[in-house]
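The values are calculated or read from the model by the stated rules, or taken from the named source; none is laboratory data. Keep in mind it's a predicted model, so treat the numbers as computed, not measured. Backbone-built Cβ (ideal geometry, glycine too); neighbour counts: all protein chains shown.
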Amino acid sequence: MSVDLIFQFLGQQWILVAALVTTLAMLALHESRKAGPALSINEAVQLINSGGGVFLDIREAPDFARGHITDAVHIPAAALARRSSELEKYRQKPVVVVCKIGHASGPATKVLRAQGFSRAQRLSGGMMEWDAQKLPVVSE
């Protein structure tokens, strides 16, 4: 397929292409707003240190055991809805949700917010970003 055919299609079907781009942009905006904005690592650490909150690691047990943020609470994403009561003392405090790469933390943050954890936020980049910045982790 030549590039000319692609440009010809885009020119002839510009309404369809514009609708697709608009739909994708709206979907991305909607998804990002569901769980609120993602925090950078510096913002998250400052928030936890100043607000008495907690990091909530939602990765599976083997990943958590390999290395996690000091004092992080571990509740796997699949169990979060039924185990959120374990976070009761943090209901009015910051809860920063951490996953592997930053994608699973959005839906988990939405679950927490729906259960009354209004200060729940997600960590941008997850543990991959934490490790990339060579920040300390605890292994079990």
The listed residue being under 20 Å from Glu140 (Cβ atoms) and of a type outside the set (Gly, Ala, Ser), out of Val17, Val21, Val54
Val54
Given the criteria out of contact with any strand residue (DSSP E or B) (no Cβ under 7 Å at 6 or more places or on another chain), assigned to a loop (DSSP other than H, G, I, E, B) and on the phi > 0 side of the Ramachandran plot, does Gly116 qualify?
yes
Qualifying positions in segment 102-128 - in contact with a helix residue (DSSP H, G or I) (Cβ under 8 Å, 6 or more places away or on another chain) and of a type in the set (A, V, I, L, M, F, W, C):
Ala104, Ala108, Val111, Leu112, Phe117, Ala120, Leu123, Met127
Taking segment 90-140 as the region of interest, how many residues are of a type in the set (Asp, Glu) and over 13 Å from Phe64 (Cβ atoms)?
2
From Gln12, Gln8, which residue is out of contact with any Cys (no Cβ under 6 Å at 6 or more places or on another chain), at pLDDT below 95 and surrounded by 11 or more Cβ atoms within 10 Å (Cβ to Cβ)?
Gln8
Please go through segment 102-113 and give me each residue that is touching a strand residue (DSSP E or B) at 6+ places or on another chain (Cβ under 7 Å) and not in a helix (DSSP H, G or I), ordered by number.
Gly102
If you scan segment 119-140, which residues turn out to be under 18 Å from Val73 (Cβ atoms) and part of a loop (DSSP other than H, G, I, E, B)?
Arg119, Leu135, Pro136, Val137, Ser139, Glu140
(1) under 16 Å from Ala38 (Cβ atoms); (2) at pLDDT below 95 all hold for Arg91 apart from (1)
Quick one: which helices (runs of 4 or more DSSP H) lie wholly within segment 27-86 and hold at least 3 residues that are under 15 Å from Ser124 (Cα atoms) and in contact (Cβ under 8 Å) with a residue 40 or more places away in the chain?
41-51
